[in-house]
1. Can you name the condition, by its number, that S170 falls short on among (1) touching a residue at least 40 places away in the same chain (Cβ under 8 Å); (2) within 20 Å of A43 (Cα to Cα); (3) in contact with a Ser or Thr (Cβ under 6 Å, 6 or more places away or on another chain)?
2. Being more than 17 Å from P79 (Cα to Cα) and of a type outside the set (A, V, I, L, M) is the filter here, so list the residues in the range 125-148 that pass it.
3. Find all pairs meeting these conditions: Cβ atoms under 8 angstrom apart; at least six residues apart or on different chains; first residue within the range 41-56 and farther than 12 Å from Y147 by Cβ; second residue open to solvent by less than 60 Å² (accessible area, probe 1.4 Å) and of a type in the set (G, A, S).
4. Which of the residues that make up the range 135-169 are open to solvent by less than 40 Å² (accessible area, probe 1.4 Å), more than 15 Å from the chain's Cα centre (by Cα) and either aromatic (F, W, Y) or at pLDDT below 95 (or both)?
5. Can you tell me which of (1) out of contact with any helix residue (DSSP H, G or I) (no Cβ under 7 Å at 6 or more places or on another chain); (2) more than 13 Å from A175 (Cα to Cα) is the one H62 doesn't meet?
6. So how many residues does the range 67-119 have that are in contact with a Phe, Trp or Tyr (Cβ under 8 Å, 6 or more places away or on another chain) and of a type in the set (S, T, N, Q)?
Amino acid sequence: MKHVKRIALTATAVAAATAATLLGTTAVQAASAKPAALPAVHAPAALAVPDGNKLTGVYSAHGVQTYTCTDGAWKLLEPAATLSDKRDRAHRPVAVHSRGPVWVSTVDGSAVNASAVATSAKDGAVPELLLKATATRGAGTFEGVTYVQRLDTEGGVAPAAACTGTDQISVPYSATYAFYKATA
């Protein structure tokens with residue numbers, strides 16, 4: 001049952017991405033109608049983005065953190081989340097987030113991979129993160145992204161109890177992802 005739930009949640013994210021891609025004209029029109037101002041982000045000092053980078057996107061994420069049982073303990077397997085622009089009242093999907101970690105735009109197909117360079121613990125939630133881009137692909141939303149912050153996390157924490165066998169569990173989480181590009 002746990003595996004079925006994970007598949008259903010992952011399938012939902014893929015379906016949302018596919019729908020947004022097929023309706024690309026609508027998504028592009030919606031993107032061009034967005035206000036220019038980005039919402040403010042508030043990050044702990046430990047997660048500050050280095051000077052020389054500017055905020056280019058702020059997205060709300062809703063999804064799951066999936067854990068697998070390894071040697072009697074829960075270990076992160078992968079995240080699966082759908083991101084929407086915080087300025088869009090309709091909450092249309094603009095990207096999907098998955099193992100890598102990677103974020104792929106459902107509007108233009110661009111993508112960014114990153115790895116964590118700093119963490120900030122948060123009670124009852126997965127930690128907030130500062131991630132540095134390791135690769136980008138395509139032109140558009142994620143083209144040239146240098147840093148990503150995972151902020152305002154809620155949920156997603158692995159169960160505290162020991163596990164057995166090869167069990168998997170998906171734990172709902174939400175976060176705000178902020179993307180930055182070099183200014184020069």
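The values are calculated or read from the model by the stated rules, or taken from the named source; none is laboratory data. Being a predicted model, the structure only gives us computed values, none of them experimental. Heads up, the Cβs are rebuilt from the backbone with ideal geometry, glycines too, and the neighbour counts pull from every protein chain shown. Surface accessibility is based on the protein's heavy atoms, side chains included, excluding ligands, DNA and RNA. Shrake-Rupley method; radii C 1.70, N 1.55, O 1.52, S 1.80 Å.
1. S170 satisfies every listed condition except (2).
2. Correct list: K132, T134, T136, R137, G138, G140, T141, F142, E143, G144, T146, Y147.
3. Here the result reads P44/S120; A46/A118; A46/S120, each pair linking the range 41-56 to a residue that is open to solvent by less than 60 Å² (accessible area, probe 1.4 Å) and of a type in the set (G, A, S).
4. The one that is open to solvent by less than 40 Å² (accessible area, probe 1.4 Å), more than 15 Å from the chain's Cα centre (by Cα) and either aromatic (F, W, Y) or at pLDDT below 95 (or both): C163.
5. (2)
6. Within the range 67-119, residues that are in contact with a Phe, Trp or Tyr (Cβ under 8 Å, 6 or more places away or on another chain) and of a type in the set (S, T, N, Q) number 4.
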